[in-house]
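> Structure below; questions to follow.
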Amino acid sequence: MIQKKVCMVGAFATGKTSLVARFVSSIYSETYQTTVGVKIDKKLVQMGEQGLMLILWDLHGEDDFQKLRLSYLRGSSGYFLVVDGTRRATLDKAYILQSKVEAEIGVVPFVLLLNKTDLQDDWELEDSAIAEAVNKGWTVIKSSAKTGLGVEEAFLTLSRKMLEI
Amino acid sequence: MMCEIMNELFAALNQVVLERIDNRSFHLIGTMPDWFGQFFSEISTAQSRFSLEKTFPFLENFLIDAEHFWQESDRGVLKSGFWSEPNPQGQDYQLEALAVCLSDKKILLIELAESAYQEKYALLQTGRDNQLSYDSLVKEIQKKEILLHCIFHDLVGQITAVSNCLELLGLESLSVRGRDYISVGRRQINQQAELVQEILQAFSAEMELLQNAITDPTQAPDLLICTQNVVDMFLPSFLARKKHLQMHPEIERIGNWKVIGERSRLERILLNLVENALRHTPEGSTVQINLHQEEEFILCTVDDQGLGVPPESVKYLFQRFFQVKGRAGKAGLGLYFCRITVKRWGGAIGYEPLAEGGARFWFRLRKFELHQSEPTMKNPPYPL
């Protein structure tokens, strides 16, 4: 069975842990619980005839309190850049983190997740900002860990991209 | 006796002590703590050799750093940082690994770090909760500022129009009594303007209600009608200042001018742009509004014959509280309001200098097709 390491990267409170919990255990909690260090989970996905074991590294969100340890990214086959669509600044942070990740591990597949689409009233990402990411050739998926929208699609898309290499 | 105590001590402290044998395996030193046994149930004696990487993917990564540390250093400790990992039953454990060198032996300690983890967790959680609360508060304040500005425009715009009408009326040949009435009217309107300032300061909960008003897509506003309303409202002000305001004569009066948006806010956008043009266009000149049909959008332009915007200021024009140096507006929120409102409706707004001199402010809004029951938010128009 093929095994791939996937990292969840993004600013704090963007929903990285919730996305993993939704994907791995189909659960969601309304309470924000910050991640300290790294949380490891595993999930077996079936890609056609091929079984793929995803080793999910849910990295703590970066902010003034905790900086991302780039060594955690070593050996990653892919990663998710997670943005909270209700906080515009988290998209700016994602751009910064993407550059750091690429400088550390080189070019590997990734998906930009615009999370919390269930909070449409508070949505702050303008269409032009999203178009900017798309124009860079990035794969962008809107998601909601709460409703499950886009979550399965995102993980399967990244899995597919990782297997294509 | 001493050795036995030491063997038990680490287990009592929830730490497992391992010695690196070769690149692939470790062996256990001392007693195995219970929690570790849940991950490695097959290890029962201190002589067992086993690999950690499969069970703890996190350690596969850390051991690369640890190996460098063991090769190069014989002092100090290398810490992995906290990580959480579920045991085979799905229960999460918070762990931390430490690499040390003791008499050329490569030692790895893995600690069940529950209390240290909880302390750090509590600290970070509090800090981040506070940061989120602060961000949320800032956002609420911004919303209120914008709403305040909208109310300001709604009230003051009409007061200004009445004041200008009275001023024009004063130029007519009136009886003495008629002039007295106009004088009273102007005093009252001035008092009204002062009252507005006070009311604005007292507003609070009502603002929220207005801000959260839901836009009904079936009530799509007609941009032509909105423009005509704004022109009618501003004509007296322009006349009083010996300036002209007109809609382009070639605008077709028939056809679909409905756009995605909401009437009162759309008129407020036009009010902002026309009021800016009124302030900046010189006496005797004309401000012209034009509407163009595009494939999916309607473009509205407001042209004045003023000095235009200094090039260094253009990129800040639509930011909050920005005012062109020496040409202060009211609060520096008008164009900001226009930008966020137009963008929210899936449109675009911008500025460009006119070749013949003067300023052009424009905005594009998506057409509301007559068969349409829901607003479409497909591709955005040209970015700012």
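The values are calculated or read from the model by the stated rules, or taken from the named source; none is laboratory data. Predicted model, so just to flag it, every value in this text is computed and none were measured. Every residue, glycine among them, receives a Cβ derived from its backbone with ideal geometry; neighbour counts consider all protein chains shown. We work out accessible area using only protein heavy atoms, side chains counted, and drop any ligands, DNA or RNA first. Shrake-Rupley method; radii C 1.70, N 1.55, O 1.52, S 1.80 Å.
> Step by step: first the residues of the stretch A:69-89, then only those that are at pLDDT 95 or above and polar (S, T, N, Q), then the one that is nearest to B:PHE82 (Cα to Cα). Which residue is that?
Among those residues, the one meeting the criterion is A:SER76.
> So which residues in the stretch B:13-49 are touching a His at 6+ places or on another chain (Cβ under 8 Å) and either modelled with pLDDT under 80 or outside the structural domain of B:ASP104 (by TED's automatic domain parsing) (or both), if there are any at all?
Those that are touching a His at 6+ places or on another chain (Cβ under 8 Å) and either modelled with pLDDT under 80 or outside the structural domain of B:ASP104 (by TED's automatic domain parsing) (or both): B:ALA46, B:GLN47, B:SER48, B:ARG49.
> A further question follows. Please count how many residues of the stretch A:47-68 are among the basic types (Lys, Arg) and buried (at least 16 other Cβ atoms within 10 Å of the Cβ).
Selection size over the stretch A:47-68: 0.
> Here are the criteria: (1) of a type outside the set (D, E, K, R); (2) crowded, with 20+ Cβ neighbours inside 10 Å; (3) away from chain A (no Cβ under 12 Å). Tell me which single one B:TYR117 does not satisfy.
Going through (1) of a type outside the set (D, E, K, R); (2) crowded, with 20+ Cβ neighbours inside 10 Å; (3) away from chain A (no Cβ under 12 Å) one by one, B:TYR117 breaks only (3).
> Which count do you get for residues in the stretch A:1-41 that are within 10 Å of chain B (Cβ to nearest Cβ) and of a type in the set (Asp, Glu)?
1
> While we're looking at this one, here's another question. For the list (1) open to solvent by 40 Å² or more (accessible area, probe 1.4 Å); (2) touching a Phe, Trp or Tyr at 6+ places or on another chain (Cβ under 7 Å); (3) more than 12 Å from chain A (Cβ to nearest Cβ), I need the number of the one condition that B:LEU78 fails.
That leaves (3) as the condition not met.
> What are the pairs with Cβ atoms under 7 angstrom where one residue, in the stretch B:1-28, is assigned to a loop (DSSP other than H, G, I, E, B) and the other, located anywhere, is modelled with pLDDT under 85? Sequence gap at least six, or different chains.
Taking only residues 6 or more apart or on different chains, the pairs are B:ILE21/B:ARG49; B:ARG24/B:SER51; B:SER25/B:ARG49; B:SER25/B:PHE50; B:SER25/B:SER51.
> Inside the stretch B:62-74, can you point out the residues that are open to solvent by less than 30 Å² (accessible area, probe 1.4 Å) and facing another protein chain (nearest Cβ under 10 Å)?
The one that is open to solvent by less than 30 Å² (accessible area, probe 1.4 Å) and facing another protein chain (nearest Cβ under 10 Å): B:PHE62.
One line per residue, one yes/no per condition, for (1) closer than 24 Å to A:TYR32 by Cα; (2) without any contact (Cβ under 8 Å) to a residue 12 or more places away in the chain:
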residue	(1), (2)
B:LYS106	no, no
B:TYR117	yes, no
B:LYS120	yes, no
B:ASP129	yes, yes
B:VAL138	yes, yes
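> Would you tally the residues in the stretch A:13-39 being open to solvent by less than 20 Å² (accessible area, probe 1.4 Å), in contact (Cβ under 8 Å) with a residue 24 or more places away in the chain and not β-branched (Val, Ile, Thr)?
Number of matching residues: 5.
> Can you say whether B:GLU140 is open to solvent by less than 90 Å² (accessible area, probe 1.4 Å) and within 14 Å of chain A (Cβ to nearest Cβ), as far as the supplied structure shows?
yes
> Hey, can you tell me all the residues within the stretch B:248-279 that are crowded, with 20+ Cβ neighbours inside 10 Å and farther than 27 Å from B:GLN219 by Cα?
If the condition is that a residue be crowded, with 20+ Cβ neighbours inside 10 Å and farther than 27 Å from B:GLN219 by Cα, then B:ASN276, B:ALA277 are the ones that fit.
> Condition check: assigned to a strand (DSSP E or B), more than 10 Å from chain B (Cβ to nearest Cβ) and surrounded by fewer than 13 Cβ atoms within 10 Å (Cβ to Cβ). Does A:LEU44 satisfy that?
Yes: the conditions hold for A:LEU44.
> With the structure loaded, tell me whether A:THR117 is open to solvent by 50 Å² or more (accessible area, probe 1.4 Å) and either under 17 Å from A:THR17 (Cβ atoms) or in contact with a strand residue (DSSP E or B) (Cβ under 7 Å, 6 or more places away or on another chain) (or both) or whether it fails that test.
Judged against the criteria, A:THR117 is not a match.
> Does B:LEU59 count as open to solvent by less than 10 Å² (accessible area, probe 1.4 Å), over 30 Å from A:ASP63 (Cβ atoms), aliphatic (A, V, I, L, M) and touching a strand residue (DSSP E or B) at 6+ places or on another chain (Cβ under 7 Å)?
For B:LEU59, the condition - open to solvent by less than 10 Å² (accessible area, probe 1.4 Å), over 30 Å from A:ASP63 (Cβ atoms), aliphatic (A, V, I, L, M) and touching a strand residue (DSSP E or B) at 6+ places or on another chain (Cβ under 7 Å) - is not met.
> Residues to consider are A:LEU68, A:LEU112, A:LEU125; find the one that is more than 26 Å from A:GLN3 (Cα to Cα) and among the hydrophobic types (A, V, I, L, M, F, W, C).
The unique qualifying residue is A:LEU125.
The rows are residues; the columns are (1) open to solvent by 90 Å² or more (accessible area, probe 1.4 Å); (2) at pLDDT 85 or above.
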| residue | (1), (2) |
| --- | --- |
| B:LEU148 | no, no |
| B:PHE152 | no, no |
| B:GLY157 | no, no |
| B:ALA202 | no, no |
| B:LEU209 | yes, no |
| B:ASP222 | no, yes |
